[in-house]
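Okay, so here's the structure we're looking at.
The values are calculated or read from the model by the stated rules, or taken from the named source; none is laboratory data. What you see is a predicted model; the values in this text were computed from it and never measured. Counting neighbours? That spans all protein chains shown, and the Cβs are built from the backbone with ideal geometry, glycine included.
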Amino acid sequence: MAPLFSRRAICELQGLVQGNVDRLCKILAINNAAGKSSDLFFGLRCFTMDTITYFCFAKSVDALAEPDFKAPIIEAMEASLPAFVVFKHFSLIRKAVFGMPPWLSVLTSPQTAGLIHLQQLLGAQVNEVVKNPEALKDSPHRIIYHELLSTKASKGEPLPSAGSLYEEAQALMFGGADTTGNALMLGTFHLLGSPGYVDRLKEELYSAWPVLDEPPKLEELEKLPFLTAVIKESLRISPGVASPLLRVVPATGATVTGAYIPPNTIVGMSGTFVHSSKAIFKNPETFDPERWLDKDSASLEKWLVAFSKGPRMCMGQNLANCEMYLVFAALFRRFDLELDGTSVDDLTWRECFLPHFQGRHLQAFCRPVAN
């Protein structure tokens, strides 16, 4: 699927992302006109969910249209996170739950009904393209099934089964919504707690975006050094995939930093451990975009592992970066933002593979600015 997520492909489809940014901003302005703050925790998740589903499947769940951003799929994904801990350690429970018919799953866990309905939608789409691949010609743009069912990409191997396609679809949906949404949410919160950073970002954005009705392209935003530093620091301070990703040491064993690890040992590492290391980052608990602008900042680049590294790195990096550039630019160019009671204590989380935030959502007043 690499061609679908290449930088060139993302740049060509950035209008899709910009359209969802514009929808998000319109809703924030409507909330402000009604005299109320906006739930940016859910709002940013709705944005990333609509973007990833339409980008990958040409079918948006239209989460942004839900009142107060309380989209059933977003609430369901959040409610389902604690179960990941149980599933990780008790495979029989996982198999029993995943083996339930949809109606029984909804009956036993109503709060996750939105997730069940989306799974049914994805399953129906998978079955349709497997039975009739010609239907892909009607798609408004190339989607994941174009790549997964390509005989060229399969290199002579059998094409994926419907089950494999469904698993790929689910992985992209989870991986493309929560992780980017969390980075946007945490970056926004920490910026709002640092007025000096906000002023600096606004000044930079105004120089690149003088007319509100003419938003710059991704390629122009990428040239802004402080915006780029804000994005890097947001990725660093966000937990991303909080759980260590497990691997089995091969039969030859392995030596890591001088320590021998026997064959068949299960090992794991999370980017969170790297990003919070005091041996690498000075004051790692502090949100400090300027660390990426210092003269020795180049030495830190290899330690920014939000998307992992190497051949198994996250293929959605280009899409996530596009979303973050366009959203941060829009929020801080189009609005004056003010926290509505959210504190740092509200951002505590527990590891449920993905981080599960347990406090009050990020609420902020979003007041549109004049041109």
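Looking at 130, 126, 61, which one is over 22 Å from the mean Cα position of the chain (by Cα) and buried (at least 19 other Cβ atoms within 10 Å of the Cβ)?
After ruling out the rest, the residue left standing is 126.
So residue 313 ticks every box in (1) buried (at least 19 other Cβ atoms within 10 Å of the Cβ); (2) without any contact (Cβ under 8 Å) to a residue 12 or more places away in the chain; (3) not acidic (Asp, Glu) but one. Which box is left unticked?
Residue 313 satisfies every listed condition except (1).
Give me the strands (runs of 3 or more DSSP E) completely within segment 316-370, filtered to those with at least 1 residues that are in contact with a Ser or Thr (Cβ under 6 Å, 6 or more places away or on another chain) and crowded, with 16+ Cβ neighbours inside 10 Å, ordered by residue number.
Correct list: 349-352, 363-368.
Hey, can you tell me all the residues within segment 155-194 that are farther than 21 Å from residue 60 by Cβ and touching a strand residue (DSSP E or B) at 6+ places or on another chain (Cβ under 9 Å)?
Within segment 155-194, 188, 189, 191, 192, 193 meet the criteria.
So that you can scan it fast, the table gives a plain yes or no per residue for (1) of a type in the set (D, E, K, R); (2) in a helix (DSSP H, G or I); (3) closer than 23 Å to residue 48 by Cβ; (4) touching a residue at least 12 places away in the same chain (Cβ under 8 Å):
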residue	(1), (2), (3), (4)
119	no, yes, yes, yes
142	yes, no, yes, yes
146	no, yes, yes, yes
158	no, no, no, no
178	yes, yes, yes, yes
190	no, yes, yes, yes
201	no, yes, yes, yes
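Could you list, in sequence order, all residues of segment 65-99 that are under 30 Å from residue 26 (Cα atoms) and of a type in the set (Val, Ile, Thr)?
Once the filter is applied, which keeps residues that are under 30 Å from residue 26 (Cα atoms) and of a type in the set (Val, Ile, Thr), segment 65-99 yields 73, 74.
Test residue 39 against the criterion of being more than 24 Å from residue 76 (Cβ to Cβ), modelled with pLDDT of 95 or more and out of contact with any Leu (no Cβ under 7 Å at 6 or more places or on another chain), and give yes or no.
Considered against the rule, which asks whether it is more than 24 Å from residue 76 (Cβ to Cβ), modelled with pLDDT of 95 or more and out of contact with any Leu (no Cβ under 7 Å at 6 or more places or on another chain), residue 39 comes out as no.
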